Every structure is written in C-alpha cells, then in structure tokens.
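Chemist: First, the structure itself, so that you have it in front of you.
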Amino acid sequence: MGVDLFEKRLLIVTGKGGVGKSVVAASLAHLASRRGKNVLLVEMDTEDRLGDLFETERIGDRIAPVRDNVSGIDLSPRTVLEDFFRSHVRIKAVYGPILDSRLFNYFFEAAPALRELVCLGKVYRLVEDRSWWTSRPKWDLVVFDAPATGHGVGLLNVPESASHILLGGLKTSALKIRDLFRDPTQTAISIVTLPEEMPVNEAELLHRELRGHGMPVTHLFLNQAFPERLTDQEASELETLDPAELGPAAQAAFGDARAQAGLRDAVRFERERAAMTAHYRTQIQARIDLPVIEIPFIFTERFGLGEMERVATIIEDGLAPRRRPASAPSQEVSA
C-alpha cells in the first residue's frame, strides 16, 4: 500500500534551491483542499513565491486565506520570536526591552539555529493548534515549504541537535518537534529534484541523511522532466528537412537558413534534455528507494495559478494507486 499524503497532519517539501519546491508544496496544498481539507501552507523567510503561484496578495507573517480552504503564512524568525515572548511573557514592558537590546539582537543574528528552532516550533504549534470549542485540529493539514537544502537536513535536524544543549522547557519543546518530524503517522517528507547532476546528487544525500535521522521520507518529485518525444529517425529527418519537399506553409516557416538552423537547434536541445532526463531517472531509480512522480517541463513566460493547477493534476495522477489490469480469459487456439 502506498502512503496517502493527505491523511497526514504535516507535509514537508524540501530540496535544493531552484528545483520547484514551492510549486510542489502549493500543488499538494491545492489537492488537499480539493479533498475538503482545511490547509495551511507555510513558507519560511522567503520572497513570497506562494503569493505569485496563487495569484493573490503578498503572503505575510500573519495567516491569510489564499484560495478556498487554503491559507498561507510566511514565517519571519523575528516576528515568530516576538509572538513567543508575547504569549509566554505577555507584558511588553518586560519583553520589549529584551527584544530591542543590542546584545540580544547580536546573539539572535549570530545563532541561526536559534532562529530556525523558533520557526520550527511555530510549525509544530500550527500543527497542534486546536479549536477551543471543539478540541479538533484547526488545520487538517499543514504543508511546510522548507528552506532549500544546503542546510535543509540541518534545519530539520535542529530540534534533535538543540535537545542536547538545551534544558528545561526548551529541551522539552525541541524533543516534541523532533518527535513530530519523525512520526510517520503524522508526517511525510517529500524531496524535489531536477534531472541534472547537482540536484540529483543532493537529493540522494538528502534522502540518505533524512532516513538516517529516522524521518519518514515518502516521495521524490522529478520536476522539469523532458519526455522522449522524437525517435532517432524523426530527429534526423527534422534536422535534414528540405522545405522544398513540403507544402507552402512549411516552406514559409522554414524556407530560410536562419529558420532551418533554429529548427536543428531545437531538435538537438529536445533530444539532449530527453536523454538527460532518462539518464538521471535511471540513476534515481537505482540509488533512491522512493516512489518517483515526474512533472514535465512546462513552457510558459509566467508561472501562475493555471500552471500550478496543471502541476497539481499531474501530481494527483502520479499519486493515484496503480491498478493491475485484469487477466484476460485464456482462450484455446486450434491448430
């Protein structure tokens, strides 16, 4: 049986910068909302990629709706820390001078693990947040568009690392976050990569390290995949195309040397990208033990809501359980 991502409480989407994490995270949130889930989509100190994808106003550091059943928030470490003090100390006359002090600000900026732990603590509280009158979770699903790897494994392992040096309530909080991230009944982690050398190598390393830390990695999304649409013979015929042998429309389109050179370049590019996708698909299947969902390269000048919904449909098809075809009844063949 495959893992049903939409029955989890927390989906974490991670991968190397520039591989399309935000697109996958937004698509998963959109799919969950179509199932009737009340979804919260969480960014962390980003340039508001999600606002562009949902074609809505900028997603800020306060929860705001972006689509039906989907809300978003961009966690700013400073704002999250202020909220922490506000909820625990409550008296601004006490916590205000602390936050404004030069020593505290120097310490806060010099200790990135502290900023990350504060934000991960906020993610934990959002998952655990419950309605006071029904005691049901406020969010059926939280989708966390995690910061790019490079420090992605370190980010998700911050609670474990911090638990070794913290004491008291902070240590307890760090362990709760760690346990949530490792709980396969509540959490699923997906890796996004491209069919290119560095992203695939980083995805392999990320998968190995996350599994080594006991985290439930469930899927890999191969983004910007190129299908093999041309055979060798078709490519050869296009590269040696003689417009004189074609109709008037083709002669008008490819009648000059510049157009013919452009066609040859396009064919070569198509073939090279398809070969690269096939190569890294094989490498991923050999080295990363995860279900792979391919998302084709989408040619567009602007990636907005329509394109994101298209990706969501592709992901939905990829997540659908594959049914084995029924065996055809045997037939006797007479000589």
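Throughout, read-outs are computed from the coordinates displayed, never taken from laboratory work. Note that this is a predicted model, so its numbers are computed, not measured. Reconstructed Cβ throughout: ideal geometry from the backbone, glycine too, with neighbour counts over all protein chains shown.
Chemist: Please give every one of the lysines within straight-line cross-link reach of Lys176, meaning a C-alpha to C-alpha distance under 18 Å, and leave out same-chain neighbours fewer than 8 residues apart.
Modeler: Cα-Cα hits under 18 Å: Lys8, Lys122.
Chemist: Specify the inter-centroid distance of the range 1-31 and the range 208-222, based on alpha-carbon positions, in whole Å.
Modeler: 13 Å
Chemist: Just add up the charged neighbours of Phe6: K/R +1, D/E -1, any other residue whose Cβ is under 13 Å from the Cβ of Phe6. Don't skip to the end; give the middle numbers.
Modeler: Working: positive: Lys8, Arg9, Arg34, Arg35, Lys37; negative: Asp4, Glu7, Asp140, Glu316.
Local net charge: +1.
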